[in-house]
1. Can you work out D for region 71-183 in µm² s⁻¹ from Stokes-Einstein, where Rh is the Kirkwood radius over C-alpha pairs, the temperature is 4 °C and the viscosity is 1.567 mPa s?
2. Using unit Cβ charges (K, R positive; D, E negative) and no other charged atoms, how large, in debye to the nearest 20, is the dipole of the chain about its Cα centre?
3. Could you tell me what percent of the DSSP beta bridges with both partners in the chain are antiparallel, to the nearest 5?
4. Roughly how many Å is it from the Cα centre of region 77-113 to that of region 455-480, as a whole number?
5. Which of the listed residues, Ala346, Ile60, Thr77, is farthest toward the dipole's positive end in the chain, when Lys, Arg count +1 and Asp, Glu count -1 at the beta-carbon?
6. On the principal axes of its Cα set, how long, how wide and how thick is region 165-307? Give whole Å, largest value first.
7. Cut-off under 16 Å on the C-alpha distance; same-chain residues fewer than 8 positions from Lys345 excluded. Which aspartates and glutamates are left, in chain and number order?
8. Could you give the dipole magnitude of region 254-410 about its Cα centre, charging the beta-carbon of Lys and Arg +1 and that of Asp and Glu -1, in debye to the nearest 20?
Amino acid sequence: MGRRAADPHQRGGGLTQLLVRGGTVVTAAGSRRADLAADGGVITAIEPSLQGLAAGAERIIDATGMLLLPGVVDVHTHTRVATDTEPDRFFQDSVAAAHGGTTSFLSFNNPGTGSSAGAERSLRTGLAEWRSATDGDSAIDYGLSLSVSGHADDPLSELPATIDGGVATSKAFMVFDFRLDDRTLLDAMRVMGERGAMLQVHCEDPVLLDTATAAALARGDTGPRFHAAVRPPYVEAIATARALAFARSSGSPVHVVHLSSAAALDEVRRAKAAGVRVTAETCPHYLTLTEVRYDEPDPVLCAACIISPPLRSAADAAALWAGLADGSLDLVATDHVPDRLGVEKAEAAEGVPFDRISNGAPGIETLLALIYSEGVAGGRITIERMVELLATTPAARFGLPHKGALEVGRDADLVVFDPTARRTMRAVELHHTSDYTPYEGMTVSGDVRDVVVRGEDVIREAVFMGRRGFGQYLDRGQIA
Ligand code: MN
Ligand code: MN
């Protein structure tokens, strides 16, 4: 295959001539049978027939009977950077993402992802450190949203430099020891909004949560299931309402991450009706799993679903699907944390109280499969809406204008998806650096067959064909 030398400063760098024939091209606006051509990693034509280009193409993909989707853009992951003892941690999760149909992802550098104490104290140090730690490591395109830590010496003064440095979105937490106090949160929204950037907010109320946690521990209710008991939906909803009042006051765009409950969704609806510049995401686990997981008697298996916010009721999940369908929710992202039952979650077996157990669950590889199967095949959303939720809106909202849609001039990031396939999810068949999946044993409709990033094969017939370092860092300019 004729490949151009990868140039990290230039888009493209993939195959010079790619032709995808006979698939159903899906965009947010509609679906149609069409051929697609790419040159130098960029989509150059989408037409009913591009037969004339077949003779000159270096690679032809027969997509007859397949859906041709834009690659998924996962804007919420907590991948781990490589270490001396685990040198493949970041690379391997990027490979897992590709297997699942994701062609771009954004990571955070919050505590636990491998960032140093210095990175927590200084946003610029965190950015430089993360860039260095991930350079040349990813199989697909990737970027960073900084964690704006309450432990930073002066987070507000450093935000402009990080925005100028291509980090258009960053995340603040209203809970955990590195949370921002309310005043700093409001100021961070303002500083980012003034510069065309956007703050992502983890919405849970620290007073309610810390009080309930202390009371539970004092009663001796230390098991993993109490993680959920101390975080009822109103703890999320009141924090969401407060964050959105701050967004309204500052006039800044704000993104609510991992929204899990009908009560919090109501707050987003109210804010949108009032003209607040808010978008909101939910995650596959809130759509497909429920709080019955916390009835699991094995402490480690129960801790497998220690995530924040916790899993909710079936009624909440139904409300979230309705929110995705009616536009109240804007996108789906994974909140991927590659924790392992045998490592991070294992402490649950030793009686470590719930508030000391690592938060998070893996999901980087299962996003498209779950949303297609439960959403599209399940009749809850259209295929066009799915493409909007997984690719087009996340790209638009997170400063990635070259990503997220099958459109001439955009990057040739493609998924050839077989809607007729069925498979049962098994952790042993996944590629992520976790050792479990919350979806073990779940049968899903549809499967990823091929994945192309900037015109180059990354997954072919479900086999990884890419290479470490092919993924380019995504410098992101202003988003609004
Ligand atoms: Mn969070
Ligand atoms: Mn998260």
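1. 90
2. Dipole size: approximately 960 debye.
3. 50
4. Using only Cα atoms, the two centres lie 13 Å from each other.
5. Farthest towards the positive pole: Ile60.
6. Reported extents, whole Å, longest axis first: 49, 31, 30.
7. Answer for Lys345, where 16 Å is the Cα cut-off: Glu296, Asp298, Asp355, Asp435, listed by chain and number.
8. Dipole magnitude for region 254-410 comes out near 620 debye.
Rule-based calculations on the coordinates, nothing more; no lab input. The structure displayed is predicted, hence computed values, not measured ones. Note that we place each Cβ from the backbone using ideal geometry, even for glycine, and neighbour counts take in every protein chain shown.
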